[in-house]
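The values are calculated or read from the model by the stated rules, or taken from the named source; none is laboratory data. Not measured: the values here are computed from a predicted model. All Cβ positions, glycine included, derive from the backbone under ideal geometry; neighbour counts span all protein chains shown. Keep in mind that these areas ignore ligands, DNA and RNA; they rest on the heavy atoms of the full protein, side chains included. Shrake-Rupley method; radii C 1.70, N 1.55, O 1.52, S 1.80 Å.
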Amino acid sequence: MNNLTHETKLTLLYITVAFLFSVAVRMIWFYQFGDYEPFHHNGQFMINTNDGYYWAEGARDILSGVSQANDRSPITTAASQLTALFAFILPFSFESVILFMPVFLSSLIVIPIILIARSIKNLEMGFVAALLASIAWSYYNRTMIGYYDTDMLNIVLPVFLLWSIIWAIRTNEDKYLLITAIDILIYRWWYPQSYSLEFSFFALILLYALVWDRKNIYNYKLLAIMMLAMVGLEGYIRVILVFGVFYIYKQKELDKYIYYILAASIALFFISGGFNPIWGKLKSYVFKDAVTVGKEGMELHFYSVMQTVREAGHIPFEIFANRISGHVVTFVASVVGFIYLAYRHKIMLFGVPLIGLGFLAYVGGLRFTIYAVPVLAFGVAFLITEAARFMPTKRLKFLAITALTLAVLYPNITHVQEYRVPTVFNSNEVKVLEELRKIADREDYVVAWWDYGYPLRYYSDVKTLIDGGKHSGDVNFPVSFMLTNSQDVSAKMARLDVEYTEKKFKFIEENKEMIRDKNLTIFSNIEQMTKDYGFSDTNDFLLSLQTDIKLPEKSRDIYFYLPHRMIDIYPTVEIFSNINLMNGDMKKSSLFYATKMFQQKENIIMLGQGIEFDLQNKTVTSNKQSVPIKRFVQTSYDKSMKFSKDIQIANSLADITIIYMSSYNTFLVVDEKTYNSLYIQLMVLEEYDKALFKEVIMTPQAKVYRLKV
Ligand code: MG
């Protein structure tokens with residue numbers, strides 16, 4: 001240690017302290033929930049992001065060596081591979097590894113931040129920026145403990161890239177050529193969509209080289225090696241290219257060929273299709289409406305997920321600022337500070353692509369804000385250290401930095417304390433899924449809404465029709481249809497959709513070349529079914545499900561997973577099949593109202609939203625209009641968890657049913673279509689057709705049935 005310079009020692013000290021700070025803040029959630037049982041499984045907290053179960057499934061399959069065709073398990077992704085590696089070499093449980101990976105990996109961000117600051121000889125700025133960036137609002141939200149997703153390195157890697165580019169440009173040392181290229185290789189491996197940032201960095205360096213530093217051959221070396229790391233070829237080929245060109249760089253007599261190498265690397269980039277994803281992105285922005293589906297097909301109109309998530313059109317400035325810096329004042333100071341910093345140290349302008357991507361949040365959605373966090377943290381940190389320079393004594397300088405830093409951190413730490421997100425599932429639900437794993441075969445399908453797809457596959461090791469990455473309108477339609485229509489048609493649709501899904505996998509597998517060469521359109525299952533059953537109108541096909549149609553041969557078992565929590569999203573689930581596929585017209589949505597907030601006054605139960613239920617007269621009043629109800633149903637579990645229900649018919653001609661789920665303290669107001677839906681009948685009432693379904697697992701949290709057809 002004695003050989004290290006004072007500056008290096010200080011750098012290491014700052015990195016260590018900032019890293020520990022970042023980890024410690026992420027432990028607040030862990031201690032807040034302590035030993036709260038519903039969040040635990042196998043003696044550890046469960047994760048709190050749905051997508052995490054996707055990577056976890058891949059890692060599990062890598063470790064066990066089991067992989068099936070078309071199971072959608074991501075065994076070739078970096079996140080799953082890195083997880084499997086950690087789980088293999090570390091002495092902790094798999095649950096602990098995925099819980100803590102975001103804590104430790106995302107905290108690595110403090111390293112490049114402090115090293116960047118070191119390059120402009122302002123370590124204190126780096127330290128303050130590292131403290132802020134590592135826990136700033138949106139960065140925390142997406143890298144907190146249990147937020148096991150690619151975000152844990154998605155910012156760390158480009159900030160490392162920024163660091164190596166800055167050091168490369170400043171020092172012109174050969175090693176930074178290699179480090180920059182390796183960083184790109186790793187970043188691309190981790191996050192294939194990383195090309196947009198890499199390309200912006202490349203463009204910025206090119207601009208810098210051409211305008212300010214044209215004669216410096218080092219810049220072209222840097223550009224060429226970056227380009228080779230970015231070309232559209234397999235990872236291992238890019239590794240060979242990068243090391244190959246680095247070897248050439250080392251031979252100084254070959255320097256005169258650098259321009260040819262750069263030209264060749266750019267040519268290779270285009271030839272190998274490296275530009276295609278960028279071009280595709282541009283095209284989709286410029287020609288927004290040009291997206292067409294299967295011209296030669298029936299052009300069915302599916303409900304798009306974008307329509308449900310499109311709440312984002314306008315993001316209020318305050319939310320935007322909070323998410324980047326924790327507070328509007330900090331954000332404004334950060335922007336002003338960054339401009340000042342870039343004025344004093346031009347090299348910091350290389351951070352602009354990250355800010356740019358962060359500001360994309362205004363059009364692309366809030367998830368982009370995290371990119372701006374680290375670079376703007378430099379801004380406010382620079383202002384703080386500049387302010388401290390005016391302090392007359394060392395002690396006052398220290399006090400000023402400390403006070404201002406605490407002020408900047410304070411709103412972010414408050415946010416962490418208030419951000420008490422739950423785990424994706426609770427322990428009772430997971431028990432059901434683990435039970436199901438013992439019953440179902442790996443090749444069996446479980447029908448459930450896409451929110452439960454990844455966790456189902458992880459805990460039960462089964463196949464699913466839809467999940468967090470496969471939930472477009474055409475695949476959601478059949479599942480939505482099954483859950484919200486009556487048992488007989490839903491049962492048929494389940495068998496059809498599963499067999500058609502498998503058949504399609506096979507078809508694509510066997511006709512890969514033809515599909516590619518002839519640009520063959522693959523039709524949605526529902527369209528294929530309509531044609532196969534001899535209809536030209538999908539509505540007629542759907543009606544025919546009520547008749548005795550011949551179903552495809554059964555190739556495997558199908559289960560229905562029906563969690564109680566789906567009550568909250570039932571109307572959303574229904575939307576996807578409540579559409580006329582032929583012309584895109586939305587049908588009138590069914591009546592579904594659930595509430596836990598109700599009050600009884602004598603014979604009237606007030607259900608909120610102005611809805612009143614008259615127990616005596618068996619009427620329901622809404623908007624001053626009273627109508628008779630068809631049934632009043634009461635369900636309950638007794639002490640030994642035995643389910644029972646009591647159905648009173650009030651007026652058989654009426655349409656509305658009121659269900660009081662006493663054990664859940666919940667009232668449901670539903671119309672006849674909803675009442676007869678598979679979800680209500682099988683989950684809420686346990687009223688199932690014994691010819692179509694078999695009980696498998698029955699708990700208050702979730703019920704599993706097996707399809708008999
Ligand atoms: Mg599997």
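General observations
- Among the conditions (1) open to solvent by less than 10 Å² (accessible area, probe 1.4 Å); (2) away from the ligand (no atom under 15 Å from the Cβ), the only one that LYS431 does not satisfy is (1).
- Selected residue (criterion: most open to solvent (accessible area, probe 1.4 Å)) from residues of the stretch 252-277 that are farther than 20 Å from LEU222 by Cβ and modelled with pLDDT under 90: ASN276
- Enumeration of residues in the stretch 670-691 that are farther than 24 Å from ASP444 by Cβ and either open to solvent by less than 10 Å² (accessible area, probe 1.4 Å) or hydroxyl-bearing (Ser, Thr, Tyr) (or both): VAL670, THR674, TYR675, ILE680, VAL684, LEU685
- In summary, strands (runs of 3 or more DSSP E) completely within the stretch 528-635 and bearing 3 or more residues that are open to solvent by 60 Å² or more (accessible area, probe 1.4 Å) occur at 599-601.
- Residue within the stretch 454-470 that is away from the ligand (no atom under 16 Å from the Cβ) and either farther than 28 Å from LYS588 by Cα or open to solvent by 10 Å² or more (accessible area, probe 1.4 Å) (or both) present: no
- Test: GLU7 is outside any loop (DSSP other than H, G, I, E, B), more than 16 Å from the ligand (Cβ to nearest atom) and acidic (Asp, Glu): yes
- Members of the stretch 109-127 found to be hydrophobic (A, V, I, L, M, F, W, C), in contact with a Ser or Thr (Cβ under 7 Å, 6 or more places away or on another chain) and in a loop (DSSP other than H, G, I, E, B), listed by number: ILE109
- Those helices (runs of 4 or more DSSP H) of the stretch 304-405 in which 3 or more residues are farther than 22 Å from TYR139 by Cα and either open to solvent by 70 Å² or more (accessible area, probe 1.4 Å) or not assigned by TED's automatic domain parsing to the domain that holds ALA129 (or both) occupy 328-344.
- Only one of the listed residues (LYS703, LYS645, LYS694) is within 22 Å of TYR593 (Cα to Cα), open to solvent by 20 Å² or more (accessible area, probe 1.4 Å) and touching a Leu at 6+ places or on another chain (Cβ under 9 Å). That residue is LYS645.
- Count of the stretch 233-251 residues which are open to solvent by less than 50 Å² (accessible area, probe 1.4 Å) and hydroxyl-bearing (Ser, Thr, Tyr): 1
- The one condition in (1) open to solvent by 40 Å² or more (accessible area, probe 1.4 Å); (2) within 18 Å of THR674 (Cβ to Cβ) that ILE656 fails to fulfil: (1)
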